[in-house]
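These notes concern the structure reproduced below.
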Amino acid sequence: MKTGLLLGQLKRINISWEEFRVVSTHDYLIIVHPDEAGGYWTEVPSLPGCGSQGESVDEAVEVTKDAIQGYIESLRKHGEGPPEERALVVTVTVAA
C-alpha cells in the first residue's frame, strides 16, 4: 500500500501515524539452532544480523523478539519502516 494512501485512510478514521505504528504488527521467521556448547542461538533471515541466544528454545525466542523490536526501532529512527517477511519455508522428505 502506498504511504500517502495509508496516511489518508488513517486521517479519515482519526488515527495518527504514531498511533498506527504502535498497533501495527509484523510476523517474522525465527530460525532456532542448537549451540554446540549448549543452549540455542537464533537468526531472523528478513532482518540481517538480527538474532540472539538462550539456554532454552523459549528463552532464545523471547530474547530474539526483543532483538527484533530493537531492530525495528532502529530502522524507524533512520526513517525506514519494518520490512515484510519474505522467507518461504519448505520441508521436504527424502530417502536416506
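Just so you know, all these numbers are worked out from the coordinates, no wet-lab data involved. As the structure is a computational prediction, the values presented were derived from the model and not from experiment. Cβ sites come from the backbone with ideal geometry, for glycine too, and all protein chains shown count toward neighbours.
May I ask you to evaluate 6.51 cos²θ - 1.76 cosθ + 1.60, the Karplus curve with θ = phi - 60°, for each residue of the stretch 46-59 and list the ³J(HN,Hα) values in order in whole Hz, giving x for glycine and proline?
Along the stretch 46-59, the couplings run 7, 10, x, x, 8, x, 6, 8, x, 6, 10, 4, 4, 5 Hz.
I want to check the label-to-label distance for LEU88 and LEU75. Put each point 7 Å from Cα in the C-beta direction and report it in nm to one decimal.
It works out to 2.1 nm between the two label points.
Per-residue HN-Hα couplings for the stretch 90-96, Karplus 6.51 cos²θ - 1.76 cosθ + 1.60 at θ = phi - 60°, whole Hz, x for Gly and Pro?
These are the phi-based 3J(HN,Hα) values: 10, 9, 10, 10, 10, 6, 10 Hz.
Label points 7 Å out from Cα along the Cβ direction at SER56 and LEU10: separation in nm?
3.8
How long is the stretch 22-62 along each principal axis, judged by its Cα atoms, biggest number first, in Å?
Projected onto the principal axes, the Cα atoms of the stretch 22-62 cover 37, 19, 12 Å.
Highest mean first, how do 61-74, 40-53 rank when packing is the count of other Cβ atoms within 10 Å averaged over residues?
40-53, 61-74
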